[in-house]
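**Q** Could you have a look at this structure, given as structure tokens, before my questions?
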Amino acid sequence: MAVPKRKTSHARKSSRRSTVWKLNAPTLVICPNCGEYKAAHRACGNCGMYNGRQVIVKANEN
């Protein structure tokens with residue numbers, strides 16, 4: 001049975017484990033209607049448009 005010859009250092013162990021917990025930033029695209037950033041394949045939170053259609057009716061804020 002294979003046995004490690006030396007103890008794994010704390011730095012080597014931590015650097016190996018560190019990649020598991022990294023998170024990816026969400027991919028943002030520009031809304032073709034209003035120009036705001038939005039999540040891909042989601043309705044725009046600013047104007048309520050998705051795929052050229054109005055899917056969320058936004059109330060006018062005065």
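**Q** Mean separation of Cα pairs under 8 Å and 6+ residues apart, divided by the residue count of the chain: what relative contact order is that in percent?
**A** Working: 41 pairs, mean separation 9.4, N = 62.
Averaging sequence separation for qualifying contacts and normalising by length gives 15 percent for the chain.
**Q** What is the spin-label model distance, in nm, from S14 to Y50 if the labels are put 7 Å beyond Cα along the C-beta direction?
**A** Between S14 and Y50, the label points sit 4.4 nm apart.
**Q** Keeping every protein chain in place, order I30, I56 by accessible area at 1.4 Å, biggest value first, i.e. largest first. Numbers along the way, then the final one.
**A** Details: I30 100, I56 75 Å².
I get I30, I56, largest accessible area first.
**Q** Moving on. Given a 1.4 Å probe and heavy atoms of the protein chains only, how would you sort V20, V57, largest accessible area at the top? Each step should come with its number before you reach the end.
**A** Values: V20 100, V57 135 Å².
From most accessible down to least: V57, V20.
**Q** Additional query: Accessible area per residue for the stretch 1-43 in Å², computed with a 1.4 Å probe and the full protein assembly in place, what is it?
**A** On the way: 4510 Å² over 43 residues.
That works out to 105 Å² per residue.
**Q** Let me know the number of lysine pairs in the chain closer than 30 Å at the Cα, not counting same-chain pairs under 8 apart. Let's see the in-between values first.
**A** Values: K5/K13; K7/K22; K13/K22; K22/K38; K38/K58.
So the count of such lysine pairs works out to 5.
**Q** So, one more: Give me the distance in nm between label points sitting 7 Å out from Cα along the Cα-to-Cβ direction at A25 and A39, one decimal.
**A** In this crude label model, A25 to A39 measures out at 1.7 nm.
**Q** Also, I was wondering about something else. Could you order K22, K58 so the one with the most accessible surface comes first? Probe is 1.4 Å. Could you put the intermediate results ahead of the total?
**A** On the way: K22 140, K58 95 Å².
Sorted by accessible area, descending: K22, K58.
**Q** Using +1 on the beta carbon of Lys and Arg, -1 on that of Asp and Glu, and nothing else charged, what's the dipole of the stretch 11-55 about the Cα centre, debye to 20?
**A** Numbers: 8 positive and 1 negative charges, 115 e Å.
Taking the Cα centre of the stretch 11-55 as origin, the dipole is about 560 debye.
**Q** Once you order the gyration tensor axes a ≥ b ≥ c over the Cα atoms, which shape class does the stretch 22-62 get: rounded for a/c under 1.5, otherwise prolate or oblate by comparing a/b with b/c?
**A** Values: a/c = 2.43, a/b = 1.89, b/c = 1.29.
In terms of gyration-tensor shape, prolate.
**Q** Also, quick follow-up: Taking all protein chains as present, what is the carbon and sulfur share of the accessible area of the chain, in % to the nearest whole number, probe 1.4 Å? Kindly include the intermediate steps, with their values, before the conclusion.
**A** Numbers: 3270 of 6210 Å².
Roughly 53 percent of what the probe reaches on the chain is carbon or sulfur.
**Q** Going 7 Å from the Cα of V57 toward and past its Cβ, which residues in the stretch 24-43 have a backbone nitrogen under 20 Å from where you end up?
**A** Residues 43 qualify, since their backbone N sits under 20 Å from the label point.
The values are calculated or read from the model by the stated rules, or taken from the named source; none is laboratory data. Note that the structure is predicted; figures quoted are calculated from it, not measured. Glycine gets a Cβ as well: all are built from the backbone with ideal geometry, and neighbour counts include every protein chain shown. In case anyone asks, the SASA skips ligands and DNA or RNA and just uses the protein heavy atoms, side chains included. Shrake-Rupley method; radii C 1.70, N 1.55, O 1.52, S 1.80 Å.
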